[in-house]
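Colleague: Have a look at this one.
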Amino acid sequence: CSNTSAVVSVMVNTLPIATITVSGAQTFCDGDSVVLTASSANAYLWSNGEQTASITVKVSGLYNVKVTDQNNCSATSNNRSVIVNPLPLAKISAIGSTTFCEGDSVTLTASSADKYLWNSKATTASITVKNSGSFDVLITDANGCSSKSNTTQVIMNQLPLAEITVQQSPVLCDGDSVILMASKGQSYLWSNGSALPTLVVKQSGLYKLTVTDGNGCSATTKSIKVGI
């Protein structure tokens, strides 16, 4: 004896297509980002736990997305690799003191990089500075990532004014003397070894003076002839 059942309808829904569209470069420098967007669906679950159609990625890693359609069917995309390169460390090293006297200089050297751009417009790894100012450098590494150093302050102190004032004629008669007076300074050194600001001269000769100020900067006068 036989009998036939009623027809049962079976429907197999196709899986959704899971793809990721990338808006921007997948390799970039720290501080930048890339937007990953999933193909259209009813629900989303990214490998980092986010559940939106698009995510903004700022961290290196492999990213995929599981999409679910209106039939509750799911599919997972292939991985997308994101690489975030660290920024280079920008530092300035000074060879010599950054405070010096007029006529001297200091060499400022940037940390190692592929490219350099100083705020003075120089593009070399090192610069020689002879004047007061604030200096920083933008360095760029092999990955094209850039960072700027802190500012280094350079102070160039002017030389003191070195002058000799003669109190009377530098022409001596035997037994006379001439008083030579130094311009203002912190310390003094006359050519005869005296360290006083005023020099009493009783002998013929050439006299000059080195004046040093409070910054340790020195200047020397031309020689003055004192004679009979």
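Colleague: With θ taken as phi - 60° and the coefficients 6.51, -1.76 and 1.60, list the Karplus ³J(HN,Hα) couplings across the stretch 38-46 in order, rounded to whole Hz; mark glycine and proline as x.
Modeller: These are the phi-based 3J(HN,Hα) values: 7, 5, 4, 7, 8, 8, 9, 9, 7 Hz.
Colleague: With contacts defined as alpha carbon pairs under 8 Å and 6 or more residues apart, what's the relative contact order of the chain in percent? Numbers along the way, then the final one.
Modeller: Working: 523 pairs, mean separation 28.7, N = 228.
RCO, the chain: 13 percent.
Colleague: Could the peptides 199-207, 6-14 be put in order, highest first, of the mean number of other beta-carbon atoms found within 10 Å of their residues? Mind showing how you got there, number by number?
Modeller: Details: 199-207: 14.9, 6-14: 6.0.
Going by the mean number of other Cβ atoms within 10 Å, highest first, we get 199-207, 6-14.
Colleague: To continue, here is another question. Local charge sum around Leu108 (other residues, Cβ-Cβ under 13 Å, Lys/Arg +1, Asp/Glu -1)?
Modeller: On the way: positive: Lys91, Lys130; negative: Asp136.
Result for the local shell: +1.
Colleague: Restricting to Cα pairs below 8 Å that are 6+ residues apart, what does the relative contact order work out to for the stretch 1-124? Please round to a whole percent. Each step should come with its number before you reach the end.
Modeller: Values: 207 pairs, mean separation 25.4, N = 124.
With pairs under 8 Å counted, the relative contact order is 21 percent.
Colleague: Sticking with this structure for a sec: Report the local net charge at Gly61: Lys and Arg +1, Asp and Glu -1, summed over other residues whose C-beta lies under 13 Å from its C-beta.
Modeller: It works out to a net charge of +1.
Colleague: Mind listing which trypsin sites (Lys or Arg not before Pro) in the stretch 53-146 are in a DSSP loop and have 16 or fewer other Cβ atoms within 10 Å?
Modeller: On the way: sites: Lys58, Lys66, Arg80, Lys91, Lys115, Lys121, Lys130; in loops: Lys58, Lys91, Lys121, Lys130.
Filter output for the stretch 53-146: Lys58, Lys91, Lys121, Lys130.
Colleague: Something else about it: Extending each Cα 7 Å along its Cβ direction at Ile95 and Ile83, get the distance between those two points in nm, one decimal.
Modeller: It is 3.4 nm.
Colleague: Which cross-chain or sequence-distant (5 or more) residues have an amide H under 5 Å from the amide H of Cys101, H modelled 1.01 Å from N in plane?
Modeller: For Cys101, whose amide H was placed from the backbone, the distant partners under 5 Å are Asn157.
Colleague: Next question, about the same structure. Give, as a single signed number, the net charge of other residues whose beta carbon lies under 11 Å from the beta carbon of Leu206, with Lys and Arg counted +1 and Asp and Glu -1.
Modeller: Numbers: positive: Lys208, Lys222, Lys225; negative: none.
Here the charged neighbours net out to +3.
Colleague: List, in the order given, every pair from Lys121/Lys222; Lys184/Lys225; Lys184/Lys222; Lys58/Lys91 whose Cα-Cα distance in the structure shown is over 28 Å.
Modeller: Lys121/Lys222
Colleague: Residue-wise, which Karplus ³J(HN,Hα) couplings in Hz belong to the stretch 15-22, taking 6.51 cos²θ - 1.76 cosθ + 1.60, θ = phi - 60°, and x for glycine or proline?
Modeller: For the stretch 15-22, the Karplus-derived couplings read 6, x, 8, 9, 9, 10, 9, 9 Hz, x marking Gly and Pro.
Every number here is computed from the coordinates shown, using simple stated rules; none is lab data. Given the structure is predicted, the values throughout are model-derived calculations rather than measurements. Don't worry about glycine lacking a Cβ; one is built from the backbone with ideal geometry, like all the others, and counts go over all protein chains shown.
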